[in-house]
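Here's the structure, in structure tokens; my notes come after.
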Amino acid sequence: MPTPRVTEVQSSLPADERGSAVNRSALASGPTPPGADSGPIRPGIDLGPLPSGDETAYLVSPLPGRELFRPPPAPVPTLDVVTDIPSWSPPPARVPALDVVTDIPSWSPPPAPVPALDVVRDVPSWSPHPAPVPALDVVTDLPPLTTPGSATRSHRQGRAHAKRVGRRREVLITASTWVRNIGALLILFAVWQLWGTAITQHHSQDALKQQFSARVHAHAVTAGFSLVPATTPWPSPPDGIPIAVIDIPKINVSQVVVSGTNESDLSKGPGHYSGTAMPGQAGNIAIAGHRTTHGAPFNGLANLAPGDPIYLTDIYGHRMTYVVAVAPYPVQPSNVSVLNYFGDNRLTLTTCNPEFSARQRLVVVAEYQPPGGARPAHPVALTNGGRPYRVTISGEAGWNTSLFPQVFVVVGLLLALGLTNRRWSRMLGRESRWLVLVPIWTALLVTLFQLLTSFLPAAA
């Protein structure tokens with residue numbers, strides 16, 4: 001293809017140069033481009049070839065008022081729609097540099113496409129699945145035919161069954177309630193034996209200490225004390241009267257000793273065996289006391305050892321010292337020889353053994369030490385022997401049947417109160433029943449426990 005050239009006509013050229021320019025333009029112009037003006041070729045100046053790739057020629061008219069001539073653009077070749085469209089492929093995605101350990105991207109499946117639904121027409125209609133109809137056996141699965149008479153009879157049978165079930169339920173509830181109440185009474189009685197009796201015993205000891213102090217002030221203390229001979233008759237005071245005070249420093253005991261060993265006497269404190277030597281008299285002074293109940297004054301007798309002192313003060317204010325001779329030892333309740341007179345001056349203490357049982361008796365023997373004197377040289381005899389006292393032992397074993405009528409009456413009152421407790425509660429109201437019924441229950445229970453403590457065989 002020939003190199004296009006540019007012909008420029010400059011109106012500013014001199015007249016003598018315009019003719020030569022026309023000849024040069026005519027030679028270099030070639031044929032007239034299509035669509036150009038059909039007039040004669042206008043003079044111009046050959047400016048030489050255009051730069052490579054530029055196919056446009058600019059013409060400037062030498063005549064005034066004439067417009068520029070611009071050749072039309074080169075035609076665009078017609079492309080075949082099917083075959084001539086160049087194929088296109090997207091540029092390859094840039095693969096980032098991945099760290100083998102940490103930069104592995106987690107993969108998640110693409111979300112499922114959600115179809116566009118028309119609000120009115122495209123909402124699917126929903127209908128519940130029909131319930132399966134069980135296949136019926138023609139012979140066995142047909143419901144029984146009922147008549148008015150059979151319906152009434154079945155209704156009566158149902159009511160009778162409901163009544164029987166209701167009565168059984170009431171019986172079971174009543175039985176369980178009574179079992180619960182009896183169990184609660186047994187627990188309360190055990191609590192009373194361990195702690196309730198201790199409270200009453202402490203109150204009794206306070207009263208006995210005042211009585212004993214009054215008796216000591218009533219008797220003048222004589223100088224130059226000595227034990228009354230064992231052969232001197234000494235009448236026994238009535239039961240329950242304070243006759244001495246016993247102090248055992250090692251086990252922290254300081255109790256008023258009363259006369260007698262029955263249950264009512266021992267519930268107040270240690271009791272003196274009636275018939276043995278009296279405090280302040282030569283011979284064997286025997287004293288018993290509880291180990292687990294009623295304040296448990298002799299609970300620590302098993303901890304005594306030979307050489308431990310025991311102090312005994314009589315109603316005249318004389319303080320006598322006894323020293324434990326041998327270690328405590330058990331005997332059978334029927335062995336009363338430990339209470340005999342052995343020809344020496346001793347103090348014998350007894351209590352139940354083991355704890356919470358009256359199967360045996362634990363015995364502690366202490367010998368008398370005169371004021372300012374040395375300990376006796378001869379040992380205390382522990383074997384059977386000696387001269388027995390006319391000891392009155394009461395309340396050691398057996399049931400106190402004389403209290404049975406009183407126990408029966410109190411138990412009857414408690415039963416009557418228990419059967420009518422709901423009725424009384426409804427009559428008195430929520431607040432008044434606590435103010436009225438609780439004191440009645442408490443008084444009856446305490447009375448019953450006190451009677452049972454004396455009614456039952458003596459315990460520890």
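The values are calculated or read from the model by the stated rules, or taken from the named source; none is laboratory data. Everything quoted here is computed from the prediction, not taken from an experiment. Note that we place each Cβ from the backbone using ideal geometry, even for glycine, and neighbour counts take in every protein chain shown.
Some notes on this structure:
- Only strands (runs of 3 or more DSSP E) whose full extent lies in the range 222-306 are considered here, and the ones with at least 2 residues that are under 44 Å from the mean Cα position of the chain (by Cα) are 253-259.
So that you can scan it fast, the table gives a plain yes or no per residue for (1) in the same structural domain as S337 (by TED's automatic domain parsing); (2) in contact with a strand residue (DSSP E or B) (Cβ under 6 Å, 6 or more places away or on another chain); (3) farther than 20 Å from S454 by Cα:
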{"position": "G240", "(1), (2), (3)": "yes, yes, no"}
{"position": "V256", "(1), (2), (3)": "yes, yes, yes"}
{"position": "S259", "(1), (2), (3)": "yes, yes, no"}
{"position": "S264", "(1), (2), (3)": "yes, no, no"}
{"position": "H272", "(1), (2), (3)": "yes, yes, no"}
{"position": "A286", "(1), (2), (3)": "yes, yes, yes"}
{"position": "F298", "(1), (2), (3)": "yes, yes, no"}
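- Yes/no for D265 being in contact (Cβ under 8 Å) with a residue 12 or more places away in the chain and either within 20 Å of R390 (Cα to Cα) or surrounded by 23 or more Cβ atoms within 10 Å (Cβ to Cβ) (or both): yes
- Checked against (1) surrounded by fewer than 17 Cβ atoms within 10 Å (Cβ to Cβ); (2) of a type in the set (G, A, S); (3) closer than 27 Å to E355 by Cβ, A218 passes all but a single condition, namely (3).
- Unique match (being part of a helix (DSSP H, G or I) and at pLDDT below 85) among R168, R180, R159, R215: R159
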